[in-house]
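Here is the structure we will look at.
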Amino acid sequence: MEKKGKIFFIMGKSATGKDTIYQSLLTQQTLSLKCVVPYTTRPIRSGELDGETYHFITEEQVREMMDKDQVIESRCYQTVYGLWYYLTADDGQIDLTEGNYLMIGTLESYGNMLQRFGQEVMVPIYLWLPDGLRLERALERERQQEQPKFAEMCRRYLADEEDFSKEKLQACGITEEDRYENENLEQCIREICEKITKMTMQGETEE
């Protein structure tokens with residue numbers, strides 16, 4: 001039986017620590033997770049590098065990839081700065097016979113990946129914070145940008161309430177077992193590592 005890896009998918013509302021936890025998990029050598037770099041047309045943020053956090057592309061490049069049927073899933077958001085596209089491409093990054101992967105995205109993108117790869121492959125990691133703390137962290141993060149976009153921060157904060165509604169979480173099969181509270185970063189990372197280790201060992205046992 002051919003080995004089939006897992007795709008561990010980090011998601012959560014804005015300012016729940018997704019990027020921090022994503023980077024931490026990738027450095028855990030015992031997990032041996034491969035990364036999948038998504039694409040976006042949004043402006044690059046301070047501290048980000050093209051080809052690592054995202055592949056930063058233009059709308060014209062998005063259309064070219066769609067014309068070539070290279071897009072696995074995509075989302076488009078109307079922001080106060082115009083349309084921002086996010087997408088995952090069929091560009092050779094994902095080969096489930098080669099190991100396990102770590103991805104980061106929205107609930108919508110998880111749902112699209114779930115349709116493409118199925119529940120036997122997709123493993124959700126839903127990060128959560130109390131709303132007040134999440135807003136504090138979002139404001140502090142935006143203040144650190146060279147050109148803070150407070151209006152966009154507020155739009156994202158409000159949009160998250162709809163994007164991660166109870167109904168939409170249930171529709172994607174997200175349960176309490178998939179939710180990780182990130183008030184204590186080290187504890188949160190430890191719990192996620194335990195989940196990933198358990199899932200990957202289970203997969204090896206089933207081979």
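The values are calculated or read from the model by the stated rules, or taken from the named source; none is laboratory data. Given the structure is predicted, the values throughout are model-derived calculations rather than measurements. All Cβ positions, even for glycine, are placed from backbone atoms using ideal geometry, and neighbour counts span all protein chains on display. Calculation scope for accessible area: heavy atoms of the full protein, side chains included, ligands and nucleic acids excluded. Shrake-Rupley method; radii C 1.70, N 1.55, O 1.52, S 1.80 Å.
At-a-glance table
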| read-out | value |
| --- | --- |
| Value at 222 nm in deg cm²/dmol, rounded to 500, when DSSP H runs of n ≥ 4 in the chain each add -39,500 (n - 2.57) | -13000 deg cm²/dmol |
| Simple label model, 7 Å out from Cα along Cβ direction - TYR81 to ASP69, nm | 3.5 nm |
| Rounded to whole Å, sorted largest first: equivalent-ellipsoid semi-axes of the chain, Cα gyration tensor | 26, 22, 16 |
| Sequence of LEU26, LEU129 from largest to smallest accessible area, 1.4 Å probe | LEU26, LEU129 |
| Mean shadow area of the range 5-48, taken as a quarter of the surface of its Cα convex hull (nm²) | 4.0 nm² |
| Reciprocal of mean inverse Cα separation for the range 90-151 (Kirkwood radius, Å) | 14.8 Å |
| Assigned charges on the beta-carbon of Lys, Arg, Asp, Glu; the chain dipole about Cα centre (debye) | 320 debye |
| The chain: most fluctuating residue of GLY17, GLY132, GLY118 per GNM, C-alpha cutoff 10 Å | GLY132 |
| Heavy-atom SASA rank of THR41, THR58 (probe 1.4 Å, accessible area, largest first) | THR58, THR41 |
| Rounded Å value of the spacing that divides the Cα centres of the range 4-20 and the range 108-164 | 10 Å |
| Loop-located chymotrypsin sites (Phe, Trp or Tyr not before Pro) in the range 1-102 whose Cβ has at most 15 other Cβ within 10 Å (DSSP) | TYR81 |
| Cα-based Rg and Dmax for the range 48-89, where Dmax is the largest Cα-Cα distance (Å) | 10.7, 30 |
| HN-Hα J in Hz across the range 192-199 - Karplus 6.51, -1.76, 1.60, θ = phi - 60°, x for Gly and Pro | 5, 4, 4, 5, 5, 4, 4, 5 |
| For the range 16-72, projected area of the alpha-carbon convex hull averaged over all directions, nm² | 5.0 nm² |
| Theoretical gain in end-to-end length, ARG143 to THR97 [0.36 nm per residue, Cα-Cα removed] | 12.3 nm |
| Whole-number D in µm²/s for the range 3-113 (Stokes-Einstein; Kirkwood sum over Cα pairs; 10 °C, 1.306 mPa s) | 107 µm²/s |
| LEU127 long-range amide H proximity, modeled H, under 5 Å | MET11, GLY12, TYR180 |
| Accessible-area order (highest first, 1.4 angstrom probe) of the listed residues ILE104, ILE10 | ILE104, ILE10 |
| Gyration tensor over alpha-carbon atoms, the range 142-199, equivalent ellipsoid semi-axes in Å | 28, 20, 8 |
